[in-house]
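No value in this document is a laboratory result; all are computed from the given coordinates. Nothing here was measured: the structure is a model prediction, and the numbers come from that model. Every residue, glycine as well, gets a Cβ built from its backbone with ideal geometry; the counts of neighbours run over all protein chains shown.
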Protein chains: 2
Amino acid sequence: MKKKKKYIFGWDLGGTKVSVVLSDGRRIFSKRVFPSGRSLSRKTLLRQLVYCSRLLSRKHGVLRRQIRGIGISCPGPLDPVRGFIYHSPNLPQLSRFDLAKSVRTKMQLPVKVENDANCAALCEALKGSGKGHSSLFYVTVSTGIGGGFVADGNLIRGKNFGAGELGHVVLDPTGPRCFCGKRGCLEALASGTAMTRLAREAVQKGRSRMMKKLCKGDIQLIDAFTVEKAARRGDPAAKKIWKDAIQWLGLGLSGVIQIVNPSVIAVGGGVSQAGSFLMNPLTQAIRKTTWPDSFRATKIVRAKLGDRVADWGAVSLWM
Amino acid sequence: MKKKKKYIFGWDLGGTKVSVVLSDGRRIFSKRVFPSGRSLSRKTLLRQLVYCSRLLSRKHGVLRRQIRGIGISCPGPLDPVRGFIYHSPNLPQLSRFDLAKSVRTKMQLPVKVENDANCAALCEALKGSGKGHSSLFYVTVSTGIGGGFVADGNLIRGKNFGAGELGHVVLDPTGPRCFCGKRGCLEALASGTAMTRLAREAVQKGRSRMMKKLCKGDIQLIDAFTVEKAARRGDPAAKKIWKDAIQWLGLGLSGVIQIVNPSVIAVGGGVSQAGSFLMNPLTQAIRKTTWPDSFRATKIVRAKLGDRVADWGAVSLWM
């Protein structure tokens with residue numbers, strides 16, 4: 001009789017919520033979600049994660065020896081080899097913390113830690129639009145812009161684990177200042193935050209009545225979805241912001257195609273919920289600045305896993 | 001007694017000359033060079049390559065069974081899996097030609113074909129500045145700008161073998177037209193050809209007396225070396241051309257660092273002969289648009305093998 005360890009815990013640590021799933025790599029058996037945030041201490045956060053995991057394994061009668069390991073998806077620059085978090089802007093209680101060691105001690109299980117964009121890239125490659133393809137570049141467009149590159153089933157992490165950071169490729173050296181200190185990073189030109197900033201400016205300058213109406217006069221309520229909505233309804237200012245962002249995104253992804261020539265480019269993140277309203281003009285923008293052969297060879301799609309990235313991202317580290 | 005095949009033939013097919021070397025992967029035993037060019041027919045070219053190879057093996061008493069294979073480095077878009085040349089601008093007699101099959105039949109030996117920039121990247125990674133490092137991005141700046149990416153000793157070729165084509169990353173969508181049809185490719189902004197074009201314009205417009213003197217009034221004699229020479233001597237027009245090209249090159253390589261985060265960036269090609277006059281400002285340009293951590297993690301150097309790329313490039317396909 002084979003007694004193979006075959007269960008995986010996936011911990012997804014987000015800035016607003018945290019989830020714990022139990023999976024066998026084929027399906028998710030159970031999931032527990034609880035709110036996170038800055039107020040939760042490091043100790044409490046870890047205790048809750050451990051508690052939820054034990055709850056799930058008990059519920060499904062899974063013994064420790066049947067568990068292959070824990071995969072942890074975490075935002076921010078980190079060292080996936082040591083499992084050490086350098087800096088976590090949205091969960092500052094985890095900054096400068098040896099997460100893997102701490103969890104390994106508490107749970108007595110092998111632990112893998114990886115940044116969230118890389119986890120998303122990996123699960124999209126293994127279970128999403130990258131299935132059956134040799135390489136996938138994943139880009140997430142939401143508050144920020146992140147990405148990850150998977151070739152032959154392996155994450156290409158880079159020398160200091162900084163590969164895939166498409167959001168901080170400089171496309172316009174004279175462009176707006178990015179939070180990272182540089183000017184004209186893709187993130188400063190095309191992220192949800194960038195679109196929000198431009199939309200608020202447009203409303204303040206009285207250049208968009210529709211967006212003003214949509215936010216009921218409170219510009220703090222404007223976000224990328226406001227821009228999308230107004231652009232769909234034909235508001236000229238919103239259309240320009242949306243179009244410009246897509247042109248920059250296309251230019252960045254065209255660079256990715258020239259440099260790594262992936263089989264698939266998968267676009268995820270909040271902004272990708274716009275569907276074909278994003279994907280059609282984005283594909284055209286990429287086509288304009290890419291070699292025709294390479295453009296044709298690359299499948300450009302919306303990430304297939306969508307919200308399920310939170311479930312599968314961490315689990316895929318053990319797949 | 002072990003009778004291991006251990007010799008490799010390396011064929012380097014260039015637009016002006018062709019070389020054949022015999023190597024064991026550690027050193028080059030012998031080399032034969034002959035002029036190529038468009039006038040040589042495909043048949044004659046192949047016959048000479050075969051003849052030279054047999055000459056070398058006879059000279060060193062190497063038997064067929066001691067030869068692992070033939071590595072062929074060839075310019076232009078090609079399919080390295082089939083060994084098929086799609087298009088060879090500088091050796092048009094090889095365009096649309098199943099090179100590997102033809103050589104395999106003639107020599108009765110295994111054959112590997114790869115484009116020249118990838119061969120250069122591979123040998124630089126295995127025997128040059130990439131030795132002991134996990135990944136290397138090679139960029140060659142000469143008439144054109146090409147490149148190749150090697151991770152863990154393997155070429156990352158991409159879906160349609162177009163990876164590493166840094167020269168055709170669009171950096172300035174409103175910039176000068178590139179021969180590939182797009183606008184503002186790095187190659188159209190920073191290659192030897194781009195610098196030559198700008199220098200000739202400057203001389204024609206009477207903006208550089210020094211370059212006019214250096215070319216003795218014949219602007220056809222101006223090339224990237226003229227620009228370098230005049231820039232070293234302080235000619236303002238030449239200095240601007242040189243500096244601008246380096247800024248664009250830095251921006252492109254900074255994108256490479258953000259996307260693939262290689263351990264080493266090696267700069268080869270004719271323009272790299274300028275040494276620190278290129279490398280110092282280039283490193284500074286890269287620093288300006290790259291995350292400090294990633295900049296520090298990446299070693300930026302002049303390619304170590306220099307001219308020996310022609311010897312080792314093709315051989316490295318069998319190493």
Overall form of chain B per C-alpha gyration tensor (a/c, 1.5; a/b vs b/c):
prolate
Cα pair distances exceeding 36 angstrom across the protein assembly as shown, given as percent
45 percent
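What FRET efficiency do you get for B:Glu201 and A:Phe277 if R0 is 25 Å and r is their Cβ-Cβ distance, rounded to the nearest 0.05?
Values: r = 43 Å, r/R0 = 1.74.
Given R0 = 25 Å and the Cβ-Cβ separation, E is 0.05.
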Stick to the Cα atoms of region A:215-319, pair each with every other, and give me the Kirkwood hydrodynamic radius in Å at one decimal.
15.3 Å
Whether region A:38-166 is rounded, prolate or oblate, judged on the alpha carbon gyration tensor where a/c under 1.5 counts as rounded:
oblate
Placing unit charges on C-beta atoms (Lys and Arg positive, Asp and Glu negative, everything else neutral), compute the dipole magnitude of region A:259-310 about its Cα centre in debye, rounded to 20.
100 debye
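Work out the mean other chain Cβ neighbour count within 10 Å for the residues of B:261-267 and drop it here as an integer. Could you put the intermediate results ahead of the total?
On the way: counts 11, 4, 3, 1, 0, 0, 0.
Other-chain Cβ atoms within 10 Å of each residue's Cβ, averaged: 3.
DSSP loop (so not H, G, I, E, B), at most 15 other Cβ within 10 Å: list which chymotrypsin sites (Phe, Trp or Tyr not before Pro) in region A:119-208 pass both filters.
Details: sites: A:Phe137, A:Tyr138, A:Phe149, A:Phe161, A:Phe179; in loops: A:Phe161, A:Phe179.
When the chymotrypsin sites (Phe, Trp or Tyr not before Pro) of region A:119-208 are filtered for loop state and at most 15 Cβ neighbours within 10 Å, A:Phe179 remain.
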Run the label-point distances for A:Gln66 please: 7 Å along Cα to Cβ, every other copy, nanometres, shortest first.
6.2
Among trypsin sites (Lys or Arg not before Pro) in region B:5-92, those in a DSSP loop whose Cβ has at most 11 other Cβ atoms within 10 Å are B:Arg26, B:Arg27, B:Arg38
Label 7 Å beyond Cα on the Cβ vector: B:Arg177 copy-to-copy distances, nm:
4.1
In terms of modelled amide H atoms, which long-range or inter-chain residues lie less than 5 Å from the amide H of A:Gly69?
A:Phe9
Sorted from shortest, what are the nm distances separating the label point of A:Pro110 from equivalent points in the other copies, each placed 7 Å from Cα along Cα to C-beta?
3.2
Among DSSP beta bridges whose residues both lie in region B:43-154, state the antiparallel percentage, nearest 5.
70 percent
Picking from B:Gln48, B:Val256, B:Asn154, whose Cα lies most toward the positive end of the charge dipole for chain B (charges on Cβ: Lys, Arg +1; Asp, Glu -1)?
B:Gln48
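Restricting to DSSP loop positions (anything but H, G, I, E, B) with no more than 16 other Cβ atoms inside 10 Å of their own Cβ, which trypsin sites (Lys or Arg not before Pro) remain in region B:223-284? Please list the in-between numbers first.
Numbers: sites: B:Lys229, B:Arg232, B:Arg233, B:Lys239, B:Lys240, B:Lys243; in loops: B:Arg233.
Answer in residue order: B:Arg233.
When the dipole is taken about the Cα centre of chain A, and only Lys, Arg (+1) and Asp, Glu (-1) are charged at their Cβ, what size is it in debye, to the nearest 20? Don't skip to the answer; put the middle values down first.
Details: 54 positive and 20 negative charges, 261 e Å.
Around 1260 debye, computed over chain A.
Have a look at the DSSP beta bridges in the protein assembly as shown and tell me what percent are antiparallel, nearest 5. Please report the intermediate quantities before stating the final value.
Working: 55 of 95 bridges.
About 60 percent, rounded to the nearest 5.
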Which percent, to the nearest 5, of DSSP beta bridges fully inside chain B are antiparallel?
60 percent
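With a ≥ b ≥ c taken as the square roots of the eigenvalues of the C-alpha gyration tensor of region A:118-259, please select rounded if a/c is under 1.5 and otherwise prolate if a/b is larger than b/c or oblate if it is not? Write down the numbers at each step before the final one.
Values: a/c = 2.63, a/b = 1.93, b/c = 1.36.
Prolate shape, in that a/c is at least 1.5 and a/b is the bigger ratio.
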Using a cut-off of 26 Å between alpha-carbon atoms, which lysines can reach A:Lys17, once sequence neighbours fewer than 8 places away in the same chain are excluded?
A:Lys31, A:Lys43, A:Lys59, A:Lys101, A:Lys106, A:Lys112, A:Lys127, A:Lys304
Neighbouring partner chain Cβ atoms per residue of A:282-292, average, 10 Å criterion:
3
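How much length would be gained if the chain were fully extended between A:Val81 and A:Arg96, taking 0.36 nm per residue of separation minus their Cα-Cα distance, in nm to one decimal? Intermediate values should be presented prior to the final figure.
Values: separation 15, 0.36 × 15 = 5.40 nm, distance 1.47 nm.
Full-extension gain reported as 3.9 nm.
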Quote the charge dipole size of the protein assembly as shown about the Cα centre in Debye, to the nearest 20; the model charges only the Cβ of Lys and Arg (+1) and of Asp and Glu (-1).
1680 debye
